[in-house]
Amino acid sequence: MRIHNITLRILSLLMLFTLLIPTAAEERSAKTTAAVAEKSSKTTAQTPNEKQARAIFDKAFDKLFGPEGCSLDYNLNVIGIFKNKGSIWKKGMKIKYMDDKREGWMNNQTVYLVDKKNKEVDIYSSTPPKNQKKSHEFAFNQNDYKYSISNHNSTEYALNLSLKKGADGTIKRIKAIVNKRTFTPSTVKVKVSFVWATLNISNYRQGIADENIFIYPAQKYSGYKITDHRNETD
């Protein structure tokens, strides 16, 4: 199975707006995001509701993609066809995830995917040339969306994002339930083309002090069948 399929099914939907896992290029441009947003706000009139929604969204986004990193438990459902639940840790470009059947480690160079049932390990390059283009099909630009917010209940906001007319993006809609006090999301729904994926988040923990968790334990799986795909061209 190719890495982009694994990413879409296992990694890319596991975190808030998880089809948004940043590429190295996106991380390098992160410093300009605030300036771009400020320029956009000056040229496009926003209602008070839109401004509040964007502010809350940015805080929720930072909870999961901020420099401190985070860990959480997830329950993913893609229109009832694909279901997955487990735990994930993320800090910068480093990711680890784990469920009942699989474990995975990902950084800006290498992806290790472990099939515990079949005792197999697949190794991929994080950004092979032909797959890198496919990953950009799911690129996410916060400024390409219209924002709105409402009260979900006394303790949570309901955020809605819709792709602006004329904007080029595969992610059409995002709906998120966000805690009013902590700004941590508990439920995220993402519409990709015509498919809705629902991600329920629990046991969110901000900050990862011990980064050894991101190191692939090669010795642990030395007896598994190992297939290295890093030199594959398609």
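The values are calculated or read from the model by the stated rules, or taken from the named source; none is laboratory data. These figures come from a predicted structure and were not determined experimentally. All Cβ positions, even for glycine, are placed from backbone atoms using ideal geometry, and neighbour counts span all protein chains on display. For the accessible areas, the whole protein counts, side chains as well, though only heavy atoms, and no ligand, DNA or RNA atoms are used. Shrake-Rupley method; radii C 1.70, N 1.55, O 1.52, S 1.80 Å.
The table below lists the values:
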{"read-out": "Added length on full extension, which subtracts the Cα-Cα distance from 0.36 nm per residue, THR110 to SER193", "value": "27.0 nm"}
{"read-out": "Sequence of HIS152, HIS229 from largest to smallest accessible area, 1.4 Å probe", "value": "HIS152, HIS229"}
{"read-out": "Heavy-atom SASA rank of TRP89, TRP105, TRP196 (probe 1.4 Å, accessible area, largest first)", "value": "TRP196, TRP89, TRP105"}
{"read-out": "By average C-beta atoms within 10 angstrom, highest first, the peptides 171-180, 46-55", "value": "171-180, 46-55"}
{"read-out": "Cα centroid of region 155-229 to Cα centroid of region 94-128, whole Å", "value": "17 Å"}
{"read-out": "Accessible area of SER222 in the full protein assembly, 1.4 Å probe (Å², nearest 10)", "value": "70 Å²"}
{"read-out": "Gain upon complete extension [ASN143, ASN231; 0.36 nm per residue less C-alpha separation]", "value": "28.0 nm"}
{"read-out": "Separation of the MET98 and ASP73 label points, Cα + 7 Å toward Cβ, nm", "value": "1.3 nm"}
{"read-out": "Theoretical FRET efficiency, 1/(1+(r/R0)^6), r = Cβ-Cβ of THR47 and ILE215, R0 45 Å, to 0.05", "value": "0.40"}
